[in-house]
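Working notes, beginning with the structure itself.
The values are calculated or read from the model by the stated rules, or taken from the named source; none is laboratory data. All values reported here derive from a predicted model rather than from experimental measurement. Note: ideal-geometry Cβ built from the backbone for every residue, glycine included; neighbour counts use all protein chains shown. Please note that ligands, DNA and RNA were not included when accessible areas were found on the heavy atoms of the full protein model with its side chains. Shrake-Rupley method; radii C 1.70, N 1.55, O 1.52, S 1.80 Å.
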Amino acid sequence: MNKYQNIFTPLTIKNMTIRNRIAMPPMGTNYGGAMGDFTEEHVQYYEKRAKGGTGLIIVENACVDFPMGSNGTTQIRLDHDRYMPNLFRLTERLHRQGACVAIQINHSGASAVPGRIEGNTPVSSSNIPSKTGGAIPRPLTVEEIYVIADKYADAARRAQMAGFDAVEIHGGHSYLLCQFLSPLYNKRTDEFGGSLENRVRFPKLVLEKVRAAVGPMFPISFRFSADEFMEGGNTLEDTLEMMEYLVDEIDILNVSAAVNDTLQYQIDANYLKDGWRSYMAKAFKEKFNKPVITSGNIRNPEVAEKILAEGHADLLAMGRGLIADPEWVNKVRSGREDELRKCISCNIACSGHRIGLNRPVRCTVNPSVIFGDTHKELKVNKATNVVVIGGGTAGLEAACTAAEVGCTTFLFEAKPYLGGLAREIAKLPAKDRINDFPDYLINRAKKLKNLYIFTNTTATIEAIENLKPDVVVNATGSNPLLPPITGLHNVVDKENEKVMSIFGFIKNIKEFEAMKLEGKKIGVIGGGAVGLDVVEYFANKGARVTIVERMPAVGNGLDFISKIDFLSMLKKKEVDVRVDTSLLEVKPNSFIINKDGVDEELEFDFGFVCLGMRAYSPLMNELEEKFASNGVEVVNIGDSVRARRIIEGVDEGRNITDTLKRIGRL
């Protein structure tokens with residue numbers, strides 16, 4: 001018997017029977033066609049998760065009222081019959097893989113971007129933007145409210161006819177129905193605003209019209225923000241009371257959280273524990289005795305099983321987790337947990353791409369989100385030796401991929417352990433989830449008998465030459481950027497000194513953990529991701545922190561979610577933020593900084609210089625001189641090209657297959 005009995009127990013909800021308790025929640029992808037249709041790649045993306053064993057797939061939110069209700073750059077649509085044929089093809093293919101399929105229908109209201117709605121003014125319950133700095137909407141008229149409710153019903157009917165097993169109505173996350181439910185946005189004085197009974201009137205109308213359209217046995221899910229985590233917003237207690245007015249026509253309660261200005265609790269920040277939201281789902285399950293879905297950084301099967309066993313929820317929504325590993329269910333069912341490629345909740349290429357950059361969804365740890373690990377179907381056409389220098393995430397991905405396509409592969413790592421910079425950053429308490437990725441790569445490498453790894457071994461030209469390589473991959477990573485600033489190199493990372501780089505900080509983190517840091521003065525130079533990690537660590541321990549950034553704002557280059565979270569932390573912890581400010585000199589107990597031509601001495605108990613990383617590639621010139629001229633392909637990847645993020649190095653590591661094709665081996 002599988003040790004995860006609850007995960008693999010089927011669940012019947014009206015006329016839908018789900019094969020297991022894992023659900024893929026609706027997540028925008030930007031895979032849709034320019035006019036809102038399903039593309040073949042989009043179908044394959046969902047099909048991959050169905051093949052991977054997922055029980056219920058809830059397709060991303062479909063627009064019920066175009067353009068006014070649209071959300072996202074290429075959002076799919078259900079506002080016209082023309083979209084039904086491709087949606088039917090989607091449901092056909094997912095059903096063949098044994099999955100149940102629902103679709104979420106939605107109107108974005110004030111969350112619509114004016115530039116995407118043909119220059120119109122967004123609509124809402126009132127004239128309150130759905131996020132700080134957002135467009136000011138106009139209030140809907142009563143007549144418009146009834147028209148939109150009918151459009152929800154029409155979309156639900158189309159979904160049913162297109163072969164979906166259920167429909168989900170989005171009532172949370174600062175979209176239109178949430179803009180009526182939440183006192184943050186709803187300032188109306190008519191029958192659709194004011195009291196709780198009035199604020200639920202529009203969502204209740206939508207539910208009743210959808211039920212009339214789909215009939216009594218077709219499951220309706222309702223997703224909502226159980227706690228908005230905003231002063232003046234709905235709390236868990238408020239939402240439990242609110243649901244008393246709505247629950248009659250709801251078959252599945254999809255218990256989510258947060259609004260646009262607390263997005264880090266909706267698209268969970270990486271420091272939030274596995275299943276952290278399940279207490280909310282439990283409250284609704286106990287009160288209403290209806291099937292509930294919970295979500296929130298659920299990665300580990302042990303945690304998933306416990307949530308179900310303790311009665312907190314009936315279904316577990318794993319969104320980013322299934323982007324990272326579409327085979328999560330199959331791997332857990334067959335006892336291959338060591339092969340799980342767990343999401344590290346970095347939010348860089350999923351929500352960061354979609355929300356912040358209008359790009360299609362990608363993944364830091366999964367370089368082939370749509371098609372999966374199709375490289376394993378390829379094999380080299382002749383014996384090929386590959387040497388990889390560096391055992392960080394880029395080097396490990398390159399080495400594993402090369403070995404998986406049949407190359408005899410050798411990896412040199414100078415340190416006694418693998419994982420590179422990812423291992424170092426994961427030593428920060430808020431970043432320990434990052435460890436899951438090098439763990440996965442190492443487990444993957446151990447199963448490859450044609451991959452030989454040498455730790456504690458510095459690669460030399462002679463050692464590489466002895467292995468007769470056809471391809472040499474340089475992946476030696478990066479080191480902290482420490483410019484020639486007066487005094488910096490005299491003190492940074494030196495014994496008994498108080499000034500450190502990020503590596504010095506990590507090296508001493510156990511000592512900091514043992515210290516009483518409350519009230520200590522901390523100075524941090526650099527407002528990028530690394531500097532903000534250091535600020536967060538000390539601010540959370542009660543230190544008096546000052547951060548200095550040369551640019552006009554901190555957080556440059558961060559993903560959308562992390563930036564919101566860091567800015568919230570800076571405000572909450574009253575961090576002294578100095579922007580447009582340069583570092584002139586480093587002293588043993590102070591920084592000399594300058595803003596607008598005025599020098600200032602910033603004293604500290606501990607100072608940190610976090611100006612980013614720089615490529616470290618000591619062998620590259622020799623490699624090219626020795627091997628490239630002799631017909632050996634030399635490739636430089638990851639941070640040793642230019643200091644960047646894990647995602648770029650992993651993509652370049654997987655692209656070893658392109659190198660092998662280029663030299664005629666694949």
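Here are a few things to note about the model shown:
- Order by protection proxy (mean Cβ within 10 Å, highest first), peptides 620-627, 317-324, 513-520, 48-55: 317-324, 48-55, 620-627, 513-520
- Hz values of 3J(HN,Hα) by residue in region 110-123 - Karplus curve (6.51, -1.76, 1.60), Gly and Pro given as x: 5, 7, 5, 8, x, x, 9, 10, 6, x, 6, 7, x, 10
- Degrees between helix 201-214 axis and first principal axis of the chain (Cα, 0 to 90, nearest 10): 80
- Nonpolar atom fraction for region 84-146, defined as the carbon and sulfur part of the 1.4 Å probe accessible area, stands at 52 percent.
- Formal net charge of residues neighbouring His353 (Cβ-Cβ distance under 9 Å; K, R +1; D, E -1): +2
- Accessible area per residue, Å², region 145-276 with all protein chains present, probe 1.4 Å: 32
- Computed from phi, the 3J(HN,Hα) profile of region 456-464 under the Karplus parametrisation 6.51, -1.76, 1.60 (θ = phi - 60°) reads 6, 9, 7, 5, 10, 4, 5, 5, 5 Hz, with x in place of Gly and Pro.
- Counting only protein heavy atoms and a 1.4 Å probe, region 329-469 has 40 square angstrom of accessible area per residue.
- Residues Val113 and Glu377, FRET efficiency given R0 of 45 Å [Cβ-Cβ distance, rounded to 0.05]: 0.65
- FRET efficiency for Lys427 and Asn556, using Cβ-Cβ distance with R0 set to 25 Å, rounded to 0.05: 0.55
- Overall form of region 406-514 per C-alpha gyration tensor (a/c, 1.5; a/b vs b/c): oblate
- Magnitude of the charge dipole for region 330-425, about its Cα centre and with charges confined to Cβ atoms of Lys, Arg (+1) and Asp, Glu (-1), is about 280 debye.
- Radius 12 Å from Cβ of Gln75, net charge of other residues (Lys, Arg +1; Asp, Glu -1): -1
- Label-to-label distance for Thr17 and Asn330 is 2.3 nm, based on points extended 7 Å past Cα in the beta-carbon direction.
- Distant-in-sequence amide contacts of Phe608, defined by a placed amide H-H separation under 5 Å and a gap of 5 or more residues or a different chain, comprise Met500, Gly523, Val524, Ile525.
- Nearest 10 degrees, 0 to 90: helix 142-161 Cα axis against the chain principal axis: 70
- Each of the peptides 553-559, 261-267, 457-463 was scored by the mean count of other Cβ atoms within 10 Å over its residues; in descending order, highest first, they stand as 261-267, 553-559, 457-463.
- Solvent-accessible surface (1.4 angstrom probe) belonging to Met27, in square angstrom, nearest 10: 40
- A Cβ-based charge dipole, computed about the Cα centre of region 23-174 with Lys and Arg at +1 and Asp and Glu at -1, lands at about 360 debye.
- Placing one equal scatterer on every Cα of region 1-127 and applying the Debye formula, the log10 ratio I(q)/I(0) at q = 0.10, 0.19, 0.20 Å⁻¹ is -0.37, -1.01, -1.08.
- Shown here is the pair-distance distribution of region 73-207: with all Cα-Cα distances grouped in 5 Å bins from zero up to the longest one, the shares run 2, 10, 19, 20, 17, 13, 9, 6, 3, 0, 0 percent.
- Computed from phi, the 3J(HN,Hα) profile of region 635-647 under the Karplus parametrisation 6.51, -1.76, 1.60 (θ = phi - 60°) reads 10, 10, 9, x, 5, 6, 7, 6, 4, 9, 10, 4, 4 Hz, with x in place of Gly and Pro.
- Region 506-533 residues near the modelled Glu600 label - backbone nitrogen below 13 Å, point 7 Å along Cα→Cβ: 524
- Length gained when the stretch Asn630-Asn479 is fully extended (0.36 nm per residue, less Cα-Cα span): 51.3 nm
- The listed peptides 598-611, 65-78, ordered by packing as a protection proxy, come out as 65-78, 598-611 (highest mean of other Cβ atoms within 10 Å first).
- For the chain, the longest principal axis of the alpha carbon atoms and the long axis of helix 278-288 meet at an angle near 10°.
- Taking label positions 7 Å along the Cα-Cβ direction at both His95 and Thr455, the computed distance is 5.1 nm, reported to one decimal.
- Summing charges over neighbours of Glu549, with a neighbour being any other residue whose Cβ is under 13 Å away from its Cβ, gives +1 when K and R count +1 and D and E count -1.
- Positive-pole candidate from Leu451, Leu421, Ile434, dipole of region 407-451, charges at beta carbon: Leu451
- Assuming charge only on the beta carbon of Lys and Arg (+1) and of Asp and Glu (-1), the dipole of the chain about its Cα centre is about 1400 debye to the nearest 20.
- At 1.306 mPa s and 10 °C, Stokes diffusion of region 577-624 via Kirkwood alpha-carbon radius, µm² per second: 119
- In this structure, Phe512 and Lys306 have a Cβ-Cβ separation that, at R0 = 56 Å, corresponds to a calculated FRET efficiency of about 0.95.
- Spin-label model, Lys131/Tyr146: points 7 Å from Cα along the beta carbon direction are separated by 3.5 nm.
- For the chain, calculated [θ]222 nm from helices alone, where every DSSP H run of n ≥ 4 adds -39500 (n - 2.57): -9000 deg cm²/dmol
- Ranking Leu467, Leu322, Thr29 by Cα position along the charge dipole of the chain, where only Lys, Arg, Asp and Glu carry charges on their C-beta atoms, puts Leu467 farthest toward the positive end.
- In region 530-666, a dipole from Cβ-located charges (positive for Lys and Arg, negative for Asp and Glu) runs towards its positive end, and of Leu532, Val609, Leu583 it is Leu532 whose Cα lies farthest in that direction.
- Cα pair count fraction exceeding 43 Å, expressed as % - the chain: 30
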